[in-house]
Amino acid sequence: MQPFTERNIVILTGAGISAESGLDTFRDPDGIWAKYDYRRVATPEGFAADPDLVHEFYNMRRREAAKCAPNPAHAALARLQREWPGGFLLVTQNIDGLHEGAGSTDVLHMHGTLSGGLCAACGARFTGPAEMTTASVCPACAEAGSVRPDVVWFGEMPYGMDEISDALAMADLFVSIGTSGTVYPAAGFVRLAKEAGAWTVELNLEASGAHFDTIIEGRASETVPAFVERLLAAPDGRL
Ligand code: APR
């Protein structure tokens, strides 16, 4: 078996990794989509119909995220990135900044970020205001009224798909953490990784039901640090 440390890891995270930092997930019983109609607050059509409602939805989520800190799962992934000698790509579906807050760098936010703004007029992506409104002005083209959250809504193309596909094609280990695996294209990454011959691991509160080689159930703040410890200590990567 090729020594494990020269191998490439691709990690996908979802809302579950931020749950213990205090942020709601989407599909748990008390999750975001139990409180809000995603069609009204997370689609281009919803934004066109009521931009004030959508801005307030993301302003509220920015206010909540500002009160949260990274948990040991975020810290463990930052450590893995620092200490792993092989290839490493962290892809997150999350729009919070908790991975960066824990020290991760070059995080691929495939669904965009709460801190980002996007101009519908000129296409500029920029660091947006904490409280974004229909009066917010694009710093690039100075258009007012064309600024939206730089968040990928349902029906829109996620960011970084070429980079993610290339990384999955070379992956030796694919690790999915804290995601229900219900939203594509992220939900299809495990199959792409398997096709590339990668070992696939799921760390989730409960198994999502998708086919992984290894499934580790439990709270991310406990399972992820232990998993990273094992990975870094593994002489030949046998999990
Ligand atoms: N530790 C580990 N896993 C957890 C924890 C925890 N403490 N708490 C919850 N989970 C798991 C849940 O069991 C669930 O499987 O995290 C998963 C969260 O699933 P979702 O709420 O569906 O969130 P996610 O998979 O990230 O959603 C994907 O859907 O609505 C869109 O754009 C949104 O990025 C989001 C995408």
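A short reminder: the numbers here are calculations on the coordinates, not readings from a lab. Predicted model only: the values in this text are computed from it and were never measured. A quick note on method: Cβ atoms are made from the backbone with ideal geometry, for glycine too, and the neighbour counts reach across all protein chains shown.
Extent along the principal axes, Cα only, for the range 67-193: 46, 30, 25 Å, with the longest axis given first. Peptides 172-184, 28-40 ranked from most to least packed give 172-184, 28-40, packing being the mean of other C-beta atoms within 10 angstrom over each peptide's residues.
Length gained on full extension, residue 165 to residue 131, computed as 0.36 nm times the residue gap minus the Cα-Cα distance: 8.8 nm.
For the range 164-172, the Karplus equation 6.51 cos²θ - 1.76 cosθ + 1.60, evaluated at θ = phi - 60°, returns couplings of 5, 4, 4, 5, 5, 5, 10, 6, 9 Hz by residue, with Gly and Pro reported as x. The alpha-carbon positions of the chain define a convex hull whose volume is 115 Å³ per residue.
Summing Cβ point charges (Lys, Arg +1; Asp, Glu -1) relative to the Cα centre of the range 1-139 gives a dipole of roughly 200 debye. Axis angle, to the nearest 10 degrees, between helix 72-83 and the longest C-alpha principal axis of the chain: 60 degrees. Between amide H atoms placed 1.01 Å from N, distances below 5 Å from residue 202 occur with 176, 214, 215, 216, all of them 5 or more places distant or on a separate chain.
In sequence order, the range 188-203 has phi-based couplings of x, 5, 4, 5, 4, 5, 4, 4, 8, x, 6, 7, 10, 10, 10, 10 Hz under the Karplus curve 6.51 cos²θ - 1.76 cosθ + 1.60, θ = phi - 60°, and Gly or Pro positions carry x. In the range 52-79, whose amide N lies under 19 Å from the spot 7 Å out along Cα-to-Cβ of residue 121? List them in ranges. Backbone N within reach: 52, 55. Convex hull volume of the Cα atoms of the range 1-97, normalised per residue: 128 Å³. Applying a 4.7 Å Cβ-Cβ cutoff to the chain, the cysteines left without a disulfide-compatible partner are 68. The helix-only estimate of mean residue ellipticity at 222 nm for the chain, built from DSSP H runs of length n ≥ 4 each weighted as -39500 (n - 2.57), is -8500 deg cm²/dmol after division by the residue total. Per residue, the convex hull spanned by the alpha carbons of the range 185-226 comes to 75 Å³.
In this rough spin-label picture, where each label sits 7 Å from Cα along the Cβ direction, the residue 156-residue 140 distance is 1.3 nm.
Using the Cβ-Cβ distance between residue 229 and residue 37 with R0 set to 41 Å, the FRET efficiency works out to roughly 0.50. Determine the percent antiparallel among the DSSP beta bridges restricted to the chain, to the nearest 5. Of the beta bridges lying entirely in the chain, close to 30 percent run antiparallel. Derived scalar couplings between HN and Hα for the range 51-58 equal x, 5, 4, 5, 4, 5, 4, 7 Hz in order, rounded to whole Hz, by the Karplus curve 6.51 cos²θ - 1.76 cosθ + 1.60 (θ = phi - 60°), x for Gly and Pro.
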